[in-house]
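In what follows, a structure is listed as structure tokens, so that the remarks can point back to it.
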Amino acid sequence: MRREEEKEIKTGDPREPDLTVLVPLYNEEGSLDELHEAVVQTVESLGLSFELIFVDDGSTDGSEAVLTEIHSRDPRVKVITFRRNFGKSAALAVGFSEAKGSVIVTMDADLQDDPREIPNLLKKLDEGYDLVSGWKVKRHDPISKTLPSRLFNFVTSKVTGIPLHDFNCGLKAYRREAAKSLNVYGELHRFLPVLVHWSGFRPGEIPVVHHPRKYGRTKFGAARFLNGFLDLVTVMFLTSDKSPLHFLGRVAIALLAVGVLISGYFGVVWITGHGLHVRPLLIFGLVLIILGIQFISMGLIGEMIASAVQRREYGVRNRLGFGSDGPSGGGSGVEEKSHR
């Protein structure tokens, strides 16, 4: 980003950095020093003030020790360490809540995302977007990872109507208000552009460089691929303008209507004096009525759940650079509040 464009990012509060670089990680000790150096070199060349937040998602290798050492020599580095592995969505949720920059850039810690793409992301934000996602056009991953990812991105784009090619790219830039609006939990980090879009913000995309993995191993597995499609159903429900009862009630009414018609037909047959025998169609009609009643019941339960505030705490073992360094007391973590 050019220096004359800096004013478009700054908030006016001199205590707040222009930029937050947020890096969730799990067992990436080999790449952390190199990543820190690359981020600092890139952002300093832009002339922007910044903070670099690492969220260690319960690593079992030496990642925590490496991050502690990096923080000791660079006060712009902040570290949050979870007591156990909660998942990438939890790491992003806590990182977003702590970020102070008026723009927040996220990237993975495995060095496959290139920090030198940060200026391109910021430039695209200046075109009026609220989130800019990277698109790994040439991806350096095994086909067992790239093929399912392409299928997932194609289906997600068609179902949501959002014309992006790479929803789950870790390299993204957000305006702070867009990032703060996100309610990320479970494995919904795959759908951040969808959640941003349904919150009224404008997502965009640019091609980015993708590098082969240098250290460690991928955390991708078949279960995560299958979970992605289940989470897509969750996202479509959560981002729907309809209440749970309206959403499920439409299905219930359709099932009940067909079931009542079928059962009514057999009722007329019985009233006119014809004997009834066990027929598959009669059983099918009764099953549809039962299913319709169950869908209405689920809608009512959903309404009760939606009216409550869900709270979850992620156990944080240590925090560095946030004004109260050291182990967190009492086992309380960073609280996530989610509203439907």
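Read the figures in this text as sums done on the coordinates, not as results from a lab. From a predicted model like this one, the values you see are computed outputs, not experimental measurements. Reconstructed Cβ throughout: ideal geometry from the backbone, glycine too, with neighbour counts over all protein chains shown.
The table that follows gives values for the structure above.
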{"quantity": "Value of relative contact order over the range 244-306, rounded to a whole percent, pairs C-alpha under 8 Å and six or more apart", "calculated": "59"}
{"quantity": "Ranked ILE70, ILE253, ILE104, criterion: other C-beta atoms within 10 Å, fewest first", "calculated": "ILE253, ILE70, ILE104"}
{"quantity": "Calculated P(r) tail over 17 Å for the range 244-306, as whole % of Cα pairs", "calculated": "47"}
{"quantity": "Using a Förster distance of 51 Å, the FRET efficiency for TRP270-SER97 (Cβ separation, nearest 0.05)", "calculated": "0.20"}
{"quantity": "Positive minus negative residues near ARG202 (Lys, Arg vs Asp, Glu; Cβ under 13 Å)", "calculated": "-3"}
{"quantity": "Listed pairs LYS145/LYS172; LYS100/LYS214; LYS88/LYS180 exceeding 23 Å between Cα atoms", "calculated": "LYS100/LYS214"}
{"quantity": "Listed residues PRO115, GLY128, HIS140: farthest to the positive end of the dipole of the range 93-165 (Cβ charges)", "calculated": "HIS140"}
{"quantity": "In nm, spacing of pseudo-spin labels at SER263 and THR60 (7 Å Cα→C-beta vector)", "calculated": "5.3"}
{"quantity": "Length added when fully stretched, LEU147-HIS246, from 0.36 nm per residue minus Cα-Cα", "calculated": "32.0 nm"}
{"quantity": "Listed peptides 164-174, 73-83 by packing density, highest first (mean Cβ within 10 Å)", "calculated": "164-174, 73-83"}
{"quantity": "Protection proxy ranking of 115-126, 138-149, 53-64, 198-209 - average other beta-carbon atoms within 10 Å, highest first", "calculated": "53-64, 115-126, 198-209, 138-149"}
{"quantity": "Calculated FRET value between LEU291 and ARG217, using beta carbons and R₀ = 41 Å, to 0.05", "calculated": "0.40"}
{"quantity": "Total formal charge among the other residues, if their Cβ is under 15 angstrom from that of HIS140, Lys/Arg +1 and Asp/Glu -1", "calculated": "+1"}
{"quantity": "Paramagnetic reach from VAL209 in the range 112-128 [backbone N under 16 Å; point 7 Å along Cα→Cβ]", "calculated": "112-122"}
